[in-house]
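Visitor: Right, I'll just put the structure down here and ask away after.
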Amino acid sequence: MSDIYVIGHKAPDTDTVCSAIVYAGIKGYKAATAGPINEETEFALKQFGVSAPEILENAAGKTLVLVDHNEEKQRVDGAEKILAIIDHHKMNFNYPDPIFIHVEPVGSTATILAKMFSNEVKANKAYAGLLLSAILSDTVIFKSPTTTEEDKKIAAELAQVAGISDITKFGVDLKKAKASIKGKPIADVVHVDFKDYDFKGLKVGIGQTEVVDIEEVYERKDEFVKYLNDLKSSKGYDMVIFMATDIVKEGTELFYSGDASKIEKAFNVKVSGPSVWLPGVLSRKKQVAPPVEKVYLEG
């Protein structure tokens with residue numbers, strides 16, 4: 001077995017984990033995650049009979065292939081030697097040596113891998129199922145503005161191989177696996193999908209969770225506000241944002257700790273408290289991180 005590890009970003013989601021498993025399996029590398037997997041990813045792995053990868057919280061001395069991310073703040077601790085990057089996010093990457101980089105503006109890294117390794121994936125039901133799960137997860141069952149026609153086309157092809165007759169139903173079942181926050185610690189909810197960004201030299205954290213009933217979030221609003229304020233002050237953030245995204249109502253209750261004027265300017269809204277409802281906002285990558293970064297860059 002190769003000593004090359006394929007790994008996604010911190011706070012691993014379904015795209016990052018499934019993409020790592022498939023790429024590693026095809027190339028003969030080792031799949032790993034930078035932390036525990038969430039309930040949605042666990043649902044996908046069980047559906048197609050695949051074991052969770054090993055957790056690699058520090059990659060010092062390891063050679064890595066990065067999937068579903070490229071920014072330094074999102075990498076596993078100790079990451080130094082990088083062999084390749086497969087991603088669908090904006091590039092913010094510096095490295096002293098030439099390496100293989102494949103980045104496309106599609107809805108998920110899984111879409112890219114399904115094209116790169118078409119023959120291998122079509123011959124493997126589990127690989128097809130994992131990549132389908134990743135696409136449905138990242139595109140929010142094709143509702144996210146990050147969705148492309150290519151994502152939909154490839155998902156349909158993968159579904160045939162994976163034996164999934166109703167893509168929408170499977171996507172809803174997948175999303176429901178982690179949709180409830182009842183009884184979960186606030187820290188776990190905020191960090192289930194959390195990324196750090198460097199906006200003009202300032203540290204900004206943006207977390208996101210998806211729910212099917214936003215009332216669960218409102219019932220714990222005070223807990224979210226206190227946690228974000230504590231996180232901001234204790235970890236040196238200039239701003240912390242948490243997106244509670246209702247996939248049924250197709251919108252996000254955006255909580256924040258930081259300068260309210262930045263939120264107002266970024267989303268062209270009036271803020272009267274520690275959170276604001278943003279209808280139609282589902283994607284951190286396309287609808288939240290870019291406008292927030294723009295406000296920071298404009299100073």
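Visitor: Cα to Cα, under 17 Å, and not fewer than 8 places away if on the same chain: which aspartates and glutamates meet these conditions relative to K46?
Guide: D13, D15, E54, D173
Visitor: Here's something else I'd like to know. I'd like to check one number: the per residue accessible area of segment 148-236, probe 1.4 Å, reported in Å² as a whole number.
Guide: Result: 49 Å² per residue.
Visitor: Moving to a separate point now. Just the number, please: Stokes-Einstein D of segment 38-81 in µm²/s, Kirkwood Rh from C-alpha pairs, 10 °C, 1.306 mPa s.
Guide: 130 µm²/s
Visitor: How many angstrom lie between the Cα centre of segment 1-25 and the Cα centre of segment 223-265?
Guide: Computed from Cα coordinates, the inter-centre distance equals 28 Å.
Visitor: Scattering from the C-alpha atoms of segment 158-272 alone, worked out with Debye: what is log10 I(q)/I(0) at q = 0.18 1/Å?
Guide: Taking Cα atoms of segment 158-272 as identical point scatterers yields -0.94.
Visitor: Return the loop-located GluC sites (Glu not before Pro) in segment 160-254 (DSSP other than H, G, I, E, B) with at most 12 other Cβ atoms within 10 Å of their own Cβ; answer none if there are none.
Guide: In loop regions of segment 160-254 (DSSP not H, G, I, E or B), the sparsely surrounded GluC sites (Glu not before Pro) are E219.
Visitor: Quick one: plug the Kirkwood hydrodynamic radius of segment 1-120 (C-alpha pairs) into Stokes-Einstein at 25 °C, 0.890 mPa s, and report D in µm²/s.
Guide: After rounding, the answer is 173 µm²/s.
Visitor: What relative contact order, as a whole-number percentage, does the chain give when Cα pairs under 8 Å and 6 or more residues apart are counted?
Guide: 13 percent
Visitor: Checking the cross-link filter: which aspartates and glutamates have an alpha carbon closer than 15 Å to that of K122, excluding same-chain neighbours under 8 positions apart?
Guide: Partners found: E157.
Visitor: Further question on the same structure: Filter K152/K184; K81/K152; K62/K182; K249/K270 down to the pairs with a C-alpha to C-alpha distance above 31 Å, please.
Guide: With Cα atoms farther than 31 Å apart: K152/K184; K81/K152; K62/K182.
The values are calculated or read from the model by the stated rules, or taken from the named source; none is laboratory data. Because the structure is predicted, anything quoted here is derived from the model rather than measured. Neighbour counts are summed over all protein chains in view; Cβ atoms, including those assigned to glycine, are modelled from backbone coordinates with ideal geometry. Heads up: the accessible areas ignore ligands, DNA and RNA and are worked out on the full protein's heavy atoms, side chains in. Shrake-Rupley method; radii C 1.70, N 1.55, O 1.52, S 1.80 Å.
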